[in-house]
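All of the numbers you see were taken from the coordinates with simple rules; none came from a lab. Predicted model, so just to flag it, every value in this text is computed and none were measured. Virtual Cβ from ideal backbone geometry, glycine too; neighbours counted across all protein chains shown.
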Amino acid sequence: MKRIAIFPFLLVCLAFLAAGCGSDGAYPKKKGSLRIVQYNIGAFSKEIENSIPMVAAMMKELHADAISLNELDSCNARHTNNQVADFAAEMGGWNHRFSRAMPYREGAYGVGVAVPDEVLSHLTVALPKGSGSEPRACCVVETPRYVLASTHLDFRSEEAAVLQAKIINDAVGTLYGNSEKPVFLAGDMNFPPDSKVLAELRKDWTVLSVQENSYPSDGAKTCIDYILGLNNKARIKVVGSGVPVDFEDGDVAIASDHLPVYLDVEIRKTPFHLSRSEKSLVAASDSLMAVMTVSDPEDSLILRRKSIDFSDKDLRSKEFKDLAAKMLFTVQDPSQDGVGIAAPQVGLNRRVVCVQRFDRPGEPFGVYPNARLDSLFGEKVSGREGCLSIPGWAGSVPRYQNIIVSYTDPKTLERVKERVEGFTAVIFQHEIDHLDGILYTDRADSIWVETR
Ligand SMILES: [Zn+2]
């Protein structure tokens, strides 16, 4: 039954994509999605006298809905106009905000945001300068539907850029970490995807844009421009991303030394709630739930899918309490004798894990909805693991011994961050991997059949 349900849906999706999803041009945009563009514009007008109309025409051609701009002049001796204001006017009377990173030649220099939407609030987060570098800023603009932050991190010192990323994490996380509103951070981060700078940002954000080379604009060689999404309670779906180079109305090599990067997202207005079939799966199970195994193709589909969060309403529901109680019963049943279990293992692609706390007196089990690994510390150590979904096998898996895990407290509905060490940290990593469709065999040094 499941396969029949999946394939027609996929065909509809593919037909929709092939049709260009309702928008013309070289970079089709799915109808109803929001297209965010990150563009380090290199202080406009360096190659030609006034590049603002050309760049605005390119952004219209791209069907941009919200734009983050870096390296903007404002009323200084190099450019006497407020560049983001003039750009927003060219876009057809858009709203705009400028955040000053530093004084520059009798005026200012910084980053900005241009949006057609109403601006509800604007915040400038000052970022300290690295040794010998320039001070930086993050321009945070809230609109009714989303928040867009624009930044441009230090380019000389990775250490300075990491510190700037940390300040952005703290400032934006404090404001919007518990919000259901989507928050995007767009910027020239000046460092590649495998850098410490991106590792710092990934503690609170997910890189959503395609990681393709964006600099220099004439034959790009490095990937340093990104659009990220804050890991909060927002419901978004990425439906496209790219680094466009072909425009009818402009030349990317003249417009800036960077290429623009775009991200298309669908914003879901209301949180997902437990579906009728999910509720009936929980209700139909005895206290002991059936455990999905990799030997069954339909079970494998569930085990390999990424799971989604519970809404606050779900966490207050009778069904969630029922599910948690049954998962706890199942993992502790002598037939399983487990130390942890994740919801996909009992047939639900929902983010909840049960973990035995060997780090607490009495070694009790705990229930952790909307669980995520925030930070991983130190060296990995290999240890033996088994899995209820891969019966008869075991493996040696390298895992971090020291982690920070975050989850929603099922009672208070507050987001909790907790440091966990040792074997309990290993169990958390194994179980949270299940929520992302990852099995220990994907990470194992070796696996073997258990003979006993
Ligand atoms: Zn497992």
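Could you tally the net charge around ALA64, taking each other residue with its Cβ under 13 Å from the Cβ of ALA64, Lys/Arg +1 and Asp/Glu -1?
Taking every Cβ under 13 Å from that of ALA64, the sum is -3.
Using the basic label-point model (7 angstrom from Cα toward the beta carbon), what is the SER375 to ALA199 distance in nanometres?
1.2
Beta carbons within 10 angstrom, averaged per residue: use that to sort the peptides 205-217, 292-304, 152-164, highest first.
Details: 205-217: 18.4, 292-304: 15.7, 152-164: 21.2.
In decreasing order of mean packing, 205-217, 292-304, 152-164 become 152-164, 205-217, 292-304.
Relative to the longest principal axis of the C-alpha atoms of the chain, give the angle of the C-alpha long axis of helix 2-18, reported between 0 and 90° and rounded to the nearest 10°.
Approximately 10 degrees, to the nearest ten.
Total Lys pairs in region 276-449 closer than 15 Å by alpha-carbon, pairs eight or more apart in sequence or interchain only?
Lysine pairs, 8 or more places apart or on different chains, close enough: 9.
As I understand it, the value is the acute angle between the Cα axis of helix 158-176 and the longest principal axis of the Cα atoms of the chain; what does it come to in degrees, rounded to 10?
The angle comes out at about 70 degrees.
For region 276-449, how big is the tail of P(r) above 21 Å, as a whole percent of Cα pairs?
For region 276-449, the share of Cα pairs beyond 21 Å comes to 45 percent.
Once you have a ≥ b ≥ c as the square roots of the Cα gyration tensor eigenvalues for region 164-309, tell me rounded if a/c is under 1.5, and otherwise prolate or oblate according to whether a/b is larger than b/c. Walk me through the numbers on the way to the answer.
Details: a/c = 2.43, a/b = 2.00, b/c = 1.22.
Verdict is prolate for region 164-309.
Run the dipole for region 276-449 about the Cα centre, Lys and Arg Cβ at +1, Asp and Glu Cβ at -1, nothing else charged, and hand back the magnitude in debye, nearest 20.
Working: 23 positive and 26 negative charges, 97 e Å.
Charge dipole, region 276-449, about its Cα centre: 460 debye, nearest 20.
What is the sum of charges, Lys and Arg at +1 and Asp and Glu at -1, for the other residues whose Cβ falls under 14 Å from the Cβ of PRO128?
Values: positive: LYS129, ARG136, ARG156, LYS166; negative: GLU134, ASP154, GLU159, ASP170.
Around PRO128, the surrounding residues sum to 0.
Restricting attention to the alpha-carbon atoms of region 286-368, what are Rg (one decimal) and Dmax (integer), both in Å?
Looking at region 286-368, its Cα Rg and Dmax stand at 13.0, 40 Å.
Which order do ILE254, ILE403, ILE41 fall in if you start with the one that has the fewest other Cβ atoms within 10 Å? Walk me through the numbers on the way to the answer.
Numbers: ILE254 14, ILE403 22, ILE41 27.
Starting with the residue having the fewest Cβ neighbours, the order is ILE254, ILE403, ILE41.
Could you tell me the calculated FRET efficiency between THR124 and GLU414, based on Cβ-Cβ distance and R0 = 30 angstrom, to the nearest 0.05?
Values: r = 29 Å, r/R0 = 0.95.
E between THR124 and GLU414, to the nearest 0.05, is 0.60.
Using only the Cα atoms, what convex hull volume per residue in Å³ does the chain have?
On the way: hull volume 72.4 nm³, N = 452.
Value for the chain: 160 Å³ per residue.
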